[in-house]
Amino acid sequence: MKFADIIGHDDLKRRLAAQIDAGRVSHAQLFSGLAGYGTLPLALAYVQYLFCPNRHDGDSCGECPSCRQVEALAHPDLHLVYPVNKQGKKAGEAVTSDMFIDRWRELWSEKQGIFSADDWYSKLDLGKTMKGLITAKESEEIIKKLSFKSYSSEYKAMIIWLPEAMNQEAANKILKILEEPWEKTLFILVSERPEQLLATITSRTQEVAVARIDVESLKRVACNEGKVSDEALTMARLAGGSILELRELLNGVADDVRAQSFELFTRLMRLSYNDKHLELFEWADDIAALTREGQRQFFLHSVRLLRESYMIHAGLASISYLWGEELKFCRNFAPFIGNQNIEILVEEIERAMLQIQQNGSPRIVFTHFALAVSKQINRLK
């Protein structure tokens, strides 16, 4: 994957290429950013540029054997690690990334390298609650692979996707490698939640913060899919810098997801306003029955609707991205979202999201969340 294939991030791509050109390649780098921002493809494009013997004009050639091997995820000096697991695993059975490389390549090809953890876990058929892990056995495989000399490139590169999925033992073994790296060995950690990594790991990496994709770049994607200018601009804004969100909007998938999330959000807020605590328990049961992705989408849309309601409350309705039923509800709801509770409500959402990601009981998490939201909504009654 060339830098030219990456949507947006023009300044960052130029800066990464310039570092390699100047010979300033840090042995351990942390690419941090949400999956929809294109963080993983950007890391791969960086490795491809590093490996390419014919790079020019700030990009890899895309045609040499090295580039073709990297694009196929089959370069002998490129190693990939990602969270894995499987249904029906026997006690003591170890599973590693190499066992699922064919599925990884299939998903990469299907999604052009931009996909979420849930997309990957669905590819692994892990069900609603099971998630992938990076275990100590995987760390041992990393050490083994990197102990060999490079095959055809000057460097060896190890990309670890979602290193926050490492267990404690695996993290400690990775830390030892980062403390005493092999020469001409590049580690790239691609993380959505770097705050969950050990501080001793992040302190030994050079962070590459991957921000959301700019609106103009997303608008061009939407226009290329046949959307007229105004509609493309609206979709680009609603996507929130994420190509994953834009894809859902373009495919119409987001319509059903938005409708479901909106219904759950409005019901929660109405029940909270009216102190219907028993009904809040029923609401928590309903959302606990959703898939993990459905719950994640509810949180994301809730933050968006809270933000828009707060902007209306602050007199900035002219720059909000609402229409139809969402606009009607948020106009009525805005008086109950102000400086006294907006930050606390967002913190409650972030806390609940983290608890769900850590496999907390959805029923308990959402019951506590609903009661906490009710308390905050009633502060401005």
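Quick notes on this structure:
- Among (1) surrounded by 14 or more Cβ atoms within 10 Å (Cβ to Cβ); (2) outside the structural domain of E154 (by TED's automatic domain parsing), the one test that I188 misses: (2)
- In region 310-343, the residues that are within 25 Å of the chain's Cα centre (by Cα) and surrounded by 14 or more Cβ atoms within 10 Å (Cβ to Cβ): S320, Y321, L322, I342
- Yes/no for A157 being part of a helix (DSSP H, G or I) and either touching a Gly at 6+ places or on another chain (Cβ under 7 Å) or surrounded by 21 or more Cβ atoms within 10 Å (Cβ to Cβ) (or both): no
- Exactly one residue out of E183, E195 is exposed (fewer than 15 other Cβ atoms within 10 Å of the Cβ) and within 15 Å of the chain's Cα centre (by Cα): that is E195.
- Only listed residue being touching a helix residue (DSSP H, G or I) at 6+ places or on another chain (Cβ under 6 Å), of a type in the set (V, I, T) and in contact (Cβ under 8 Å) with a residue 60 or more places away in the chain, chosen from I188, I160, I201: I188
- Residue identified as part of a helix (DSSP H, G or I), among the hydroxyl-bearing types (S, T, Y) and within 17 Å of M269 (Cα to Cα) among S374, S318: S374
- Residue check, D77 of a type in the set (D, E), in contact with a helix residue (DSSP H, G or I) (Cβ under 9 Å, 6 or more places away or on another chain) and surrounded by 19 or more Cβ atoms within 10 Å (Cβ to Cβ): yes
- So T202, is it exposed (fewer than 14 other Cβ atoms within 10 Å of the Cβ) and closer than 25 Å to Y82 by Cα: no
- Checking each residue in region 99-117 for being surrounded by 15 or more Cβ atoms within 10 Å (Cβ to Cβ) and touching a Lys or Arg at 6+ places or on another chain (Cβ under 9 Å) picks out F100, W104, L107, K111, I114, F115, S116, A117.
- Checked against the criteria, M269 counts as assigned to a helix (DSSP H, G or I) and assigned by TED's automatic domain parsing to the domain that holds I349.
- Flag if L146 is buried (at least 17 other Cβ atoms within 10 Å of the Cβ), at pLDDT below 90 and under 22 Å from L186 (Cα atoms): yes
- From the list E180, E195, the lone residue that is free of Cβ contacts under 8 Å to residues at least 40 places away in the same chain and over 15 Å from Q358 (Cα atoms) is E180.
- Of all residues in region 356-367 being assigned to a helix (DSSP H, G or I) and either basic (K, R) or at pLDDT 90 or above (or both), the one that is surrounded by the most Cβ atoms within 10 Å (Cβ to Cβ): F366
- Among the residues of region 93-129, those that are in a loop (DSSP other than H, G, I, E, B), closer than 29 Å to K176 by Cβ and either of a type in the set (S, T, N, Q) or within 19 Å of the chain's Cα centre (by Cα) (or both) comprise T96, L124.
- Only listed residue being closer than 20 Å to Y155 by Cα, assigned to a helix (DSSP H, G or I) and in contact with a His (Cβ under 9 Å, 6 or more places away or on another chain), chosen from Q48, Q19: Q48
- Matching residues in region 6-21 - criterion: being in contact (Cβ under 8 Å) with a residue 60 or more places away in the chain and under 19 Å from the mean Cα position of the chain (by Cα): I7, G8, H9, L12
The values are calculated or read from the model by the stated rules, or taken from the named source; none is laboratory data. This structure is a prediction, so every number in the text was calculated from the model and none was measured. Note that each Cβ is placed from the backbone with ideal geometry, even for glycine, and that neighbours are counted across all protein chains shown.
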